[in-house]
1. Quick check on my filter: what residues within segment A:62-94 are assigned to a helix (DSSP H, G or I) and either charged (D, E, K, R) or under 12 Å from A:Ala137 (Cβ atoms) (or both)?
2. Restricting attention to segment A:28-46, which residues are crowded, with 19+ Cβ neighbours inside 10 Å and under 25 Å from the mean Cα position of the chain (by Cα)?
3. Scan (1) within 15 Å of B:Leu102 (Cβ to Cβ); (2) without any contact (Cβ under 8 Å) to a residue 60 or more places away in the chain for the single condition B:Met160 breaks and write down its number.
4. Under the condition of being surrounded by fewer than 22 Cβ atoms within 10 Å (Cβ to Cβ) and in a strand (DSSP E or B), which residue from segment B:179-193 is nearest to the other protein chains (Cβ to nearest Cβ)?
5. Looking at A:Trp367, is it out of contact with any Gly (no Cβ under 8 Å at 6 or more places or on another chain), facing chain B (nearest Cβ under 8 Å) and touching a residue at least 24 places away in the same chain (Cβ under 8 Å)?
6. Could you tell me how many of the residues in segment A:293-321 are among the small types (Gly, Ala, Ser), assigned to a helix (DSSP H, G or I) and touching a residue at least 40 places away in the same chain (Cβ under 8 Å)?
7. Only residues that are free of Cβ contacts under 8 Å to residues at least 40 places away in the same chain and polar (S, T, N, Q): list them for segment A:29-86, please.
8. If I ask for residues that are within 13 Å of chain A (Cβ to nearest Cβ) and either surrounded by fewer than 21 Cβ atoms within 10 Å (Cβ to Cβ) or in contact with a His (Cβ under 8 Å, 6 or more places away or on another chain) (or both), which ones from segment B:51-74 would you list?
Amino acid sequence: MGRKLLLEHAQVPGINTYEVYRKHGGYRSVEKALKSMTPDEVVEEVKKSGLRGRGGAGFPTGMKWSFLAKPEGVPRYLCCNADESEPGTFKDRYLMEKIPHLLIEGMITSSYALGANTSYIYIRGEYSWIVFILERAIAEAYANGWLGKNILGSGYDLDLYVNPGAGAYICGEETALIESLEGKRGNPRIKPPFPAVKGLWQSPTVVNNVETIAAVVPIINDGGEEYAKIGIGKSTGTKLISASGNINKPGVYEIEMSISVEEFIYSDEWCGGIKGGKRIKACVPGGSSVPILPHYLITKTAAGETRMMTYESLADGGFASGSMLGSGGFIVYDENQCIVRNTWTFSRFYAHESCGQCSPCREGTGWLEKVLNRLEHGQGKMSDIDLLADVAKKIEGNTICPLGDAAAWPVSAAIRHFREEFEWHVNERTACMERNYGLVSEPVAAV
Amino acid sequence: MPKVTIDGQTIEVAEGTTILNAARQAGGPSVPPAMCYYSSLKGSGGKCRTCLVKVTKGSEKDPRPMPKLVASCQTPVMDGMEVASISDPQVTTARASVTEFLLINHPLDCPICDQAGECHLQDLAFEHGKSSTRYEFERRTFEKIDIGPYIKLHMTRCIMCWRCVYLTQQLTPERVHGIIGRGDHAEISTYIERSVESEFSGNVIDVCPVGALTDRTFRFKSRVWFLNPMDAHRDCPTCSGRAVVWMYGDQIYRVTARKDKYGEVHEFICNTCRFDKKDKNDWTIEGARNIDRHSVISQGHYDESALTVR
């Protein structure tokens, strides 16, 4: 049984209320930080923990915090990115619904570390009910003296606000989030300058994912070194995984980053195996934008090593034979699923969510969607497959923000690993509408 | 002052100059095309991605190359920076693909478009485009709308450069139009087709790189290359009164602001000068204006080798 640092008390009745949360050791990290630590010591502790951003990119949080510019007389801001919109990812929703105070506590400790006196939780518009959950928790925190002026007599002031967006995937990109918070259209900014220098209202700003901020709580409570003992190498601590697809037990799991992918999929403690005893066909380990893995690359890397649930192991082999841990949106496909249809579904999402600011993403995502639509419905041509790969390649790396890459990667990866299934869709125009292809064959070189 | 090398050509520029502006100062074929950047509009640029360049050496201090192609209109030069523009196939490929992306939803109705002959997209397609398309789907279309008595918005031709949005935000007292929607279905619009009413609104026609915003007093009157552009001025209480009048014989067909080599206006003119003063006696004609960049007007702009159809 793995250790749980974030979801330990998630099932305790009434944990969403202040009294119960406090009884289970809540707000200890705020006491510890404000009474016995300087802000720099908190940052140092987070650095020691090796915590990496849980939103998808996996950038070391301590390092991100230390980049924050600190000019005299300019306010600094902490924004929590709760715009969880990646298809297949629902961990932040679970955390905020169940234990909202954990996020509030993390926000206070992190804001103290960064010297922010005003902080924001930017939440996606579709999570409308969670806004009320969080606002109630914030009101309780204010009433008990954890927010407001002179918290715990330390002289530190903090105001915390929840700000719902209008429902846009793009607002999960940190500069688009900042624009949206400022009341503008959620378009990503051109970087540099980075938010650490000029962010919200042109002031230094840190944007962190919900889970990242929640993880600061156990790090301060138990110490960064203790946290770093969990996991393998540079993948320290625990990670929330949103498991979905054709598995027996879909849901949100907190795992130590030292278990193998095989264990995660087949162990009864986690996903409990493939539903109906079918064979696994493919897996998207980190949310819709990361490359899809075919059945022969899921539990083993191309080099034949056991694939682990860590940042490094999932990325092993680069994009040729690996993927990414991303945001932890773990989607499993059994042998009856159609990869072309799945790729089309993802593309439709990105075409709908592209902000339309820069040309490659605006026009390219729509183009990908149209070609995939044609292929899926038995109207495709053999040349479409290369066209897709080419268009995806031309979007990738040429856009303002990573949405272009996120739209291109799943298409490129699907064609890389499932080309024969795409070809079958072109050759078997009627059959592809009636049944699915099944497993793709394993390339000889990969054995 | 930082020194930057673009395609092997070294130039010294002022601190904070962008790569694009440094290239413009150096001149020549290495100047990246720019569909959205407009030097007099704050915040413009970075969107169209046609000006992508490769930074092969970051600076003297930090010689590491930049990992991705960068938008030259947004990236300031560093001392010792080395940049590849047309000398690198990765850059020309990226530009060709951006051109392709810009054209897939463009109606290609140049034969009936008033912008033809002075259109930046025509230039871009000529330099970086192909003669055929791989796009086989219905193109995005919109209804044409009149935004006020003088301006026609033909959204189907728009490439979403945002110049007109920045212009109205920066030149006129209130925000009159903006972007509605997202992705390839986003459109420039005034809210519920309200007209754009401002003494300087006509300048959106000049900043538009394509034929999405056209002059209703000039639409379908003449092809631009049949007209003689003349520098002219008049005493105007609102603007500088310095403009270009486009004449056929003694008749003024249209009035525009003065554009520089890169199609940019630095002195915006008012609507009275632009739309109402079409009598020769309104203006003091200074003499013929040399328009030196645009394809059809400036005969011989392209050398023979570039004229081979690809």
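The values are calculated or read from the model by the stated rules, or taken from the named source; none is laboratory data. Please read these numbers as outputs of a predicted model, since none were measured by experiment. We place every Cβ from the backbone using ideal geometry, glycine too, and count neighbours over all the protein chains shown.
1. In the first step, residues of segment A:62-94 are kept if they are assigned to a helix (DSSP H, G or I); the result is A:62-66, A:91-94.
Selection gives A:Lys64, A:Lys91, A:Asp92, A:Arg93.
2. The answer is A:Ser29, A:Val42, A:Val43, A:Glu45, A:Val46.
3. Here B:Met160 clears every test but (2).
4. The selected residue is B:Ile179.
5. On the way: out of contact with any Gly (no Cβ under 8 Å at 6 or more places or on another chain): yes; facing chain B (nearest Cβ under 8 Å): yes; touching a residue at least 24 places away in the same chain (Cβ under 8 Å): yes.
Yes: the conditions hold for A:Trp367.
6. From segment A:293-321, those among the small types (Gly, Ala, Ser) are A:302-304, A:313, A:315, A:317-318, A:320-321; that's our starting set.
When the remaining residues are screened for being assigned to a helix (DSSP H, G or I), the result is A:313, A:318, A:320-321.
From the residues that got through so far, the ones that are touching a residue at least 40 places away in the same chain (Cβ under 8 Å) too are A:313, A:320-321.
Total meeting the criteria: 3.
7. Scanning segment A:29-86 gives A:Ser36, A:Thr38, A:Ser66.
8. Of everything in segment B:51-74, those that are within 13 Å of chain A (Cβ to nearest Cβ) and either surrounded by fewer than 21 Cβ atoms within 10 Å (Cβ to Cβ) or in contact with a His (Cβ under 8 Å, 6 or more places away or on another chain) (or both) turn out to be B:Lys54, B:Gly58, B:Met66, B:Pro67, B:Lys68, B:Val70, B:Gln74.
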